[in-house]
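Presented below is the structure to which this report refers.
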Amino acid sequence: GKEFTIEVGADVEKIGEKVKSIIETINKVLSFIKQQNTLDESSDTRSTLGGDLTLQTLESRLRNTIFSYIETSGGSMRPGDIGITFQRSGLIQFDAEIFQAKLKEDYQSTAEVLVGQLTQKGQIKGLLHKLGDLSDQAIGPSGFLTTRTRGVERNIRDIDGRIENKERYIKNKERVLKDKFARLEDTVSKLKAQGQGLAGLGGGAGAAPQLG
């Protein structure tokens, strides 16, 4: 029979942890791109993708997504306004303190930067939706990374096919040369035998007058 009060509110810290996890995942992609593009005179270009147009496209679109403006209930905002910014290292930094402060100051607008909002004109996409779209554009069935991967795999199959054809050609050439060499040895053996026979005939001719 006692009265009590229940307060319902956003778990700011938990939301921050989820956003941080997303940023860490994006940074893994950016770190891979950065590693591939780090080339010097000792780099083995056969095992890297440095300068690959597909990686440059992915990095460029990630940057554009992070820098893009998003319409919220509080006006136009960017992810940088809520603590998500690019650093000189090329990676994304997430400032949890700025993010939590923005959530407490204006939860609605801050949340809309991430998840967008539904208006009478339609849905306005937030950062997470835009990242999802970029993921589909990159690794979807017709995505540019998927298409690039298929192209590389096709080139590998073509190269493997040419190698197999060359190996068959070399084996056939080797067999032909061995056959020619065997015939040559046989011919040389016959010539030697004929030479020995002629030599024998010559010796017999020299002894005939003595017998007489």
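Scan the helices (runs of 4 or more DSSP H) fully inside region 60-168 and keep the ones with 3 or more residues being exposed (fewer than 14 other Cβ atoms within 10 Å of the Cβ).
96-105, 127-139
Can you spot a residue in region 179-192 that is open to solvent by less than 60 Å² (accessible area, probe 1.4 Å), under 29 Å from Asp52 (Cα atoms) and modelled with pLDDT of 90 or more?
No, every residue in region 179-192 fails to be open to solvent by less than 60 Å² (accessible area, probe 1.4 Å), under 29 Å from Asp52 (Cα atoms) and modelled with pLDDT of 90 or more.
The values are calculated or read from the model by the stated rules, or taken from the named source; none is laboratory data. Since we're looking at a predicted model, the values are computed, not measured. Using ideal geometry, Cβ is built from the backbone for each residue, glycine included, and neighbour counts are taken over all protein chains shown. Protein only, heavy atoms only, side chains kept; ligands, DNA and RNA dropped before computing areas. Shrake-Rupley method; radii C 1.70, N 1.55, O 1.52, S 1.80 Å.
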